[in-house]
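Visitor: One structure, pasted below without further comment.
A short reminder: the numbers here are calculations on the coordinates, not readings from a lab. Quick caveat: nothing in here was measured; it's all calculated off a predicted structure.
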Amino acid sequence: MICHALIEDTLLFVIFGANFLIIVTLRVIFAFIFAAVCPKLLSSKVQD
């Protein structure tokens, strides 16, 4: 799922000279990592 903030925030950084592809790639990678780690952390808390 993509939200409008991914595009809006990225475009703001691009206005200030950042590389669009690098920002989008890093944000998507971190989103996948976050989405993979959070359920594991939350499920370990529920079991305790």
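Visitor: Return one number: the angle in degrees, 0 to 90 and rounded to the nearest 10, between the long axis of the Cα atoms of helix 4-15 and the longest principal axis of the Cα atoms of the chain.
Guide: 40
Visitor: Which of these values of Kirkwood radius over Cα pairs in Å was calculated from the structure shown: (i) 13.2; (ii) 11.3; (iii) 12.4?
Guide: (iii)
Visitor: Next up: Helix 20-47 versus the longest principal axis of the chain: what is the Cα-based angle in degrees, 0 to 90, to the nearest 10?
Guide: For helix 20-47, the angle is close to 10 degrees.
Visitor: Ignoring everything except DSSP H segments at least 4 long, calculate the 222 nm mean residue ellipticity for the chain; use -39,500 (n - 2.57) per segment, divide by total residues, nearest 500.
Guide: Rounded to the nearest 500, it is -28500 deg cm²/dmol.
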